[in-house]
Amino acid sequence: MNTSKEISPKVSREAAEWLVELQSGQPSPQTQVQWQAWRDAHPEHEQAWQHIEKLGERLGGLSSSLAHATLAPKGSLQRRRAIKTLSMLLFAGGTAWVVQDKMPWWQLNADYSTGVGEQQRVVLEDGTVVQLNSSSAINVAYTAQQRIVMLLRGEIHIVTAHEPANRRPFLVASDQGSMRALGTQFVVRQLTNDKDSPIKIGVLEGAVEVAPNEISTKVRLQAGEQLSFTRHMLTPVEPILPYDTAWLQRMLVADDMPLAEFLAELSRYRKGSLSCDDSIKHLKVSGTYPLEDTDKVIDMLQQSLKLEIRMLTRYWVRLMPASV
């Protein structure tokens with residue numbers, strides 16, 4: 001039986017409105033009473049809400065832009081559009097979810113890729129080892145003249161195989177520029193597909209020559225150094241910090257990191273929407289956290305920062321100030 005076909009468009013939209021209302025902030029006792037009264041008012045209302053709860057895991061497929069739109073002010077155009085989209089996705093009889101569940105282009109077109117929370121170790125034909133972090137993708141092009149790894153998205157750790165000097169240069173390429181390995185071990189990170197999104201590179205052993213696409217300046221990074229760059233600019237060289245490579249041990253390390261920034265980083269390893277109220281986004285987070293269990297990390301934050309957890313489903317979580 002297809003539940004979504006039995007729920008009217010009116011009730012579908014009302015259910016989506018309640019979903020957004022409960023997620024958009026800390027609901028008052030009156031709001032919670034009204035929500036329960038709506039559920040009790042008609043069997044179709046309760047049926048619609050049960051349908052939403054059953055699709056809790058699929059809420060993890062929502063784009064970040066849609067998830068943030070649900071937090072827009074009540075009555076705003078952005079929020080109304082989010083409600084309409086949610087209503088279609090949740091009650092479209094599965095067709096909309098077929099579209100949502102398709103792999104993004106950077107995974108469909110990649111030689112190697114990982115999903116949310118996944119890591120993959122790849123040994124290339126020359127013995128070079130590439131470790132892909134969560135939500136990452138690469139293409140590989142080896143020829144008689146050169147070895148190229150194209151970073152499409154995400155974060156990678158590379159240990160290059162030894163070859164005679166200058167026989168086949170090893171390059172990591174991106175839309176922003178190239179990174180030429182000089183007998184080395186290094187990490188590269190680009191978290192969005194935006195052609196203007198900066199690349200961050202850190203060298204652990206050896207050296208890497210960084211060459212942005214649209215400036216003539218090149219910089220040689222030595223072991224223990226890192227920088228960020230785009231097509232047009234290079235940031236100053238800085239030392240690598242321990243937490244920059246903690247993901248290789250499946251850990252997330254923070255040192256006085258703002259809570260909002262910490263949650264954005266944790267979200268890379270967890271399906272769904274994870275956010276916090278604006279009033280607590282500047283709280284500082286420090287410590288070492290295991291990425292294998294993001295629920296445990298959220299519980300640790302709740303206890304250490306004295307917060308409340310708003311959890312509509314496991315895949316839609318918001319941290320709030322503790323009630324007085």
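A single entry from THR184, THR192 fulfils the requirement of being farther than 26 Å from LYS284 by Cβ and touching a residue at least 12 places away in the same chain (Cβ under 8 Å): THR184.
Among the residues of region 175-201, those that are modelled with pLDDT under 85 and among the hydroxyl-bearing types (Ser, Thr, Tyr) comprise THR192, SER197. Residues in region 139-160 that are modelled with pLDDT under 90 and β-branched (Val, Ile, Thr) were compared, and the one that is most open to solvent (accessible area, probe 1.4 Å) is THR143.
Residue by residue, here is whether (1) of a type in the set (Lys, Arg); (2) within 18 Å of LEU241 (Cα to Cα); (3) out of contact with any helix residue (DSSP H, G or I) (no Cβ under 9 Å at 6 or more places or on another chain) holds:
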site: ARG167; (1), (2), (3): yes, no, yes
site: GLU205; (1), (2), (3): no, yes, yes
site: GLU214; (1), (2), (3): no, no, yes
site: THR217; (1), (2), (3): no, no, yes
site: GLY224; (1), (2), (3): no, yes, yes
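Among the residues of region 295-307, the one identified as of a type in the set (Val, Ile, Thr) and touching a residue at least 40 places away in the same chain (Cβ under 8 Å) is VAL297.
For ASP256, the conditions (1) within 19 Å of the chain's Cα centre (by Cα); (2) of a type in the set (Asp, Glu); (3) open to solvent by 60 Å² or more (accessible area, probe 1.4 Å) all hold with the exception of (1).
The set of residues from region 119-138 being open to solvent by 40 Å² or more (accessible area, probe 1.4 Å) and of a type in the set (A, V, I, L, M, F, W, C) comprises just one member, VAL123. Here ARG310, ARG268 are screened, and the one residue that is open to solvent by less than 60 Å² (accessible area, probe 1.4 Å) and under 27 Å from SER28 (Cα atoms) is ARG310.
When region 284-324 is filtered for residues that are touching a helix residue (DSSP H, G or I) at 6+ places or on another chain (Cβ under 7 Å) and modelled with pLDDT under 90, the ones remaining, listed by number, are LEU312, THR313, TYR315, TRP316. So which residues in region 202-222 are in a loop (DSSP other than H, G, I, E, B) and either β-branched (Val, Ile, Thr) or modelled with pLDDT of 95 or more (or both), if there are any at all? Across region 202-222, the qualifying residues are ILE215, THR217. Filter region 189-219 down to the residues that are open to solvent by 30 Å² or more (accessible area, probe 1.4 Å) and touching a Leu at 6+ places or on another chain (Cβ under 8 Å) and list them by number. Hits for region 189-219 are ASN193, LYS200, GLY206, GLU209, ILE215, THR217, VAL219.
Restricting region 271-307 to residues that are closer than 19 Å to VAL116 by Cβ and in a loop (DSSP other than H, G, I, E, B) leaves a set whose member that is least open to solvent (accessible area, probe 1.4 Å) is LEU291.
Residue-level check: of (1) assigned to a strand (DSSP E or B); (2) surrounded by fewer than 18 Cβ atoms within 10 Å (Cβ to Cβ); (3) of a type outside the set (Val, Ile, Thr), ARG231 misses just (1).
The values are calculated or read from the model by the stated rules, or taken from the named source; none is laboratory data. Being a predicted model, the structure only gives us computed values, none of them experimental. All Cβ positions, glycine included, derive from the backbone under ideal geometry; neighbour counts span all protein chains shown. Accessible surface is based on the protein model in full, side chains and every heavy atom, while ligands, DNA and RNA are left aside. Shrake-Rupley method; radii C 1.70, N 1.55, O 1.52, S 1.80 Å.
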